[in-house]
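Working notes, structure below.
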Amino acid sequence: MSFLTAAYEKIHKELTEKHVSLVAVSKTKTAGEIMEAYNAGIRDFGENYVQELVEKYEALPKDIRWHFIGHLQSNKVKYIAPFAHLVHGIDSEKLLAEVNKQGAKLNRRISCLLQVHISAEETKFGLNEAELDMLLSRISKDPDQWKYAEVKGLMGMASFTEDNDLIKEEFNSLKKIYDRYNNPLSTPHYPLSVLSMGMSADYRFAIEAGSNMVRIGSLLFGSRIRK
Ligand SMILES: *Cc1c(COP(=O)(O)O)cnc(C)c1O
């Protein structure tokens, strides 16, 4: 059994028991490596560069669900709008509006996650809680105007640190925000079903905190050579 198949079987069992979905992060991996994962049963793949994603979409089986997990520039939305299954990294109203516009042109509803800034690091993108409140209030007041960019949930990344308590705290803070929008008594009340948090190094903490979608690369494919 190959490294990938063995790794997938192990993680698949673990995630299935906890009702957590897997996005296999295939950035920098070749079409051949992705096909190996596909043949092992994986259908959800995540990429973080638009051009790489488009090339792989064109070359690989059409029943793959492609997740865009990187930082998306507004002027590139049009390239992934025809096929993206879920766009994880929406971090501004402007970007969401562009997804909505491109979706409208294609008459295709595009599922999105809003990225929330939960880490102590400056470098990670995302909305803070006040910005999130503002955006979700605006959408919930005028859902028709936003119908081609469907906000399904939230995405977040914890700090890159050895401090496990900090990681847990950050994931817990995102779960709390997610629960608040799902609470009918809160304003804005905005029902969400996807909470995307957790990567190879920290997915167990993320699941413990309530994640229902993890994005896992190196644990499946082996470590990446930095580009
Ligand atoms: C690369 C990446 C991952 C996966 O990272 P691994 O440590 O290889 O599991 C998850 N999420 C995002 C946003 C990424 O860019």
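The values are calculated or read from the model by the stated rules, or taken from the named source; none is laboratory data. None of the values given here were measured: they were computed from a predicted structure. In this analysis, Cβ positions are derived from the backbone assuming ideal geometry, glycine residues included, and neighbour counts consider all displayed protein chains. Accessible surface is based on the protein model in full, side chains and every heavy atom, while ligands, DNA and RNA are left aside. Shrake-Rupley method; radii C 1.70, N 1.55, O 1.52, S 1.80 Å.
Once you reduce the stretch 38-102 and the stretch 115-139 to the center of their Cα atoms, the two points are 20 Å from each other.
Helix-derived [θ] at 222 nm for the chain: sum -39500 (n - 2.57) over DSSP H runs of at least 4, divide by residue count, nearest 500?
Values: 9 runs with 95 residues, N = 227.
My calculation for the chain gives -12500 deg cm²/dmol from helical runs alone.
Compute, for the stretch 1-76, the length of the dipole vector about the Cα centre, with Cβ point charges of +1 (Lys, Arg) and -1 (Asp, Glu) only. Units Debye, rounded to 20. Intermediate values should be presented prior to the final figure.
Working: 10 positive and 11 negative charges, 30 e Å.
Result for the stretch 1-76 is approximately 140 debye, rounded to the nearest 20.
Per residue, how much accessible area does the stretch 108-183 show when a 1.4 Å probe rolls over the protein heavy atoms, in square angstrom?
53 Å²
When peptides 7-16, 144-153 are ranked by their average number of other Cβ atoms within 10 Å per residue, the highest-first order is 144-153, 7-16.
Taking a straight line from the alpha carbon of Lys101, these lysines sit under 25 Å away, with near neighbours fewer than eight places off in the same chain left out: Lys56, Lys62, Lys76, Lys78, Lys141, Lys147, Lys152. Taking the Cα centre of the stretch 69-227 as origin and assigning +1 to Lys and Arg Cβ atoms and -1 to Asp and Glu Cβ atoms, the resulting dipole is close to 920 debye. Expressed as a whole percent, the proportion of Cα-Cα pairs in the chain lying more than 25 Å apart is 39%. Nonpolar atom fraction for the chain, defined as the carbon and sulfur part of the 1.4 Å probe accessible area, stands at 52 percent. Considering only Leu195, Asn212, Gly222, and ranking their Cα positions along the charge dipole of the stretch 179-227 that arises from unit charges at the beta-carbon of Lys, Arg, Asp and Glu, the one farthest toward the positive end is Gly222. Cross-link partners of Lys175 among aspartates and glutamates, defined as those whose alpha carbon lies under 16 angstrom from its own and excluding same-chain residues fewer than eight positions apart: Glu129, Asp133, Asp165, Asp202, Glu208.
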